[in-house]
Amino acid sequence: MFHKEGQKIILITFFVVVAVVMAAQYYVVVPWLRIAIQAVFLVLLILILQFFRNPKRTVQRSFDEILAPVDGKVVVIEEVEETEYFKDKRKQVSIFMSPTNVHVTRYPASGEIKYSKYHPGKYLVAWHPKSSTENERTTVVVRTPKFGDILYRQIAGALARRIVNYAKLGNSAQQGEDAGFIKFGSRVDLFLPLDCAITVKLNQTVKGAKTCVAVVMPKDEEREIT
């Protein structure tokens, strides 16, 4: 199954590849060159298809868990000052997506969308420390029953030149459902309350709508912190 955001580019790529393969078959007389041209364009089609894949996933929804919003690798886990919406300290978990990952963004939790804003910006590599605040990005805040407000940010990378965000102010977010798409390599940051427990580790590979990123911290542990 392929994501709707890729339908146009998949069709265009398909027809271009068919045209090139047929033209090479009839007009390129050197056998090795003909095969090389056909192979390159077929590989291109395969890469486009795998990039826009949208695997269906059964979601075990829970108000007590924050699920990974995307597939990828955890590259940041730290306490930071979030300056756009909360303007206070939060736990940040950042997930980097390579071009080979599924690029669907999924809601990490169920709740009401309280904030959704697009920011134009630069195209620094997605793992750059300043990409979270200087790159093209969208910021979405979901108000949840157990965690309060949580924020996730879709960030364009050096290759990603289009962010698609479905979150609309006042709408309902359902954990695991499609929240958007980022094209060709990027990153998603989560900003979570300090009183939650992070359940992933640095460099861990996670799956969107499957891997638990954070849970509600047990009450006895909260008392120890305070």
Using the Karplus curve 6.51 cos²θ - 1.76 cosθ + 1.60 with θ = phi - 60°, what ³J(HN,Hα) values do you get for each residue of the stretch 149-155, in whole Hz, with x for Gly and Pro?
7, 10, 10, 10, 10, 7, 10
Applying a 10 Å radius around every beta-carbon, put 26-37, 58-69 in order of their mean neighbour count, most first.
58-69, 26-37
Karplus-derived 3J(HN,Hα), 6.51/-1.76/1.60, for each residue of the stretch 98-111, Hz, glycine and proline x:
7, x, 8, 6, 5, 9, 6, 9, 10, 4, x, 7, 8, x
Tell me, what is the per residue accessible area of the stretch 39-112 in Å², probe radius 1.4 Å?
47 Å²
Given a Förster distance of 30 angstrom, what is the FRET efficiency for residue 215 paired with residue 168, based on the Cβ-Cβ distance and rounded to 0.05?
0.60
Say we join alpha carbon atoms closer than 10 Å with springs in a Gaussian network model of the chain; which of 79, 177, 136 then has the biggest fluctuation?
79
At R0 = 41 Å, FRET efficiency that the Cβ-Cβ distance of residue 27 and residue 2 yields, to 0.05:
0.85
When the charge dipole of the chain is computed with +1 on Lys and Arg Cβ and -1 on Asp and Glu Cβ about the Cα centre, the Cα farthest towards its positive end, among 20, 50, 175, belongs to 20
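Hey, if we sort 196, 212 by accessible area with the 1.4 Å probe, largest down, what's the order?
Working: 196 0, 212 30 Å².
Highest to lowest solvent-accessible surface, that is 212, 196.
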Inter-label distance for residue 61 and residue 45, nm, one decimal - labels placed 7 Å from Cα along Cα-to-Cβ
3.9 nm
Once label points are set 7 Å from the Cα along Cα→Cβ at both residue 115 and residue 204, what is their separation, rounded to one decimal in nm?
2.6 nm
Nitroxide proxy distance, nm - points 7 Å out along Cα→Cβ at residue 194 and residue 84:
2.2 nm
If the reach is capped at under 18 angstrom between alpha carbons, list the lysines near residue 201, excluding any in the same chain fewer than eight residues apart.
73, 91, 210
The chain: D in µm²/s via Stokes-Einstein (Kirkwood Rh, Cα pairs, 37 °C, 0.692 mPa s)?
175 µm²/s
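Going from most exposed to least, what order do 1, 97 have by accessible area with a 1.4 Å probe? Numbers along the way, then the final one.
Values: 1 140, 97 0 Å².
Output order, biggest surface exposure first: 1, 97.
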Cα centroid separation - the stretch 31-81 against the stretch 1-17, whole Å
15 Å
First measure r as the distance between the Cβ atoms of residue 35 and residue 15, then evaluate 1/(1 + (r/R0)^6) with R0 = 30 Å and state the FRET efficiency to the nearest 0.05.
0.90
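The values are calculated or read from the model by the stated rules, or taken from the named source; none is laboratory data. This one's a predicted model, so the numbers in the text were calculated from it and none came from an experiment. A quick note on method: Cβ atoms are made from the backbone with ideal geometry, for glycine too, and the neighbour counts reach across all protein chains shown. Just the protein is used for accessible areas: all its heavy atoms, side chains included, with ligands, DNA and RNA removed. Shrake-Rupley method; radii C 1.70, N 1.55, O 1.52, S 1.80 Å.
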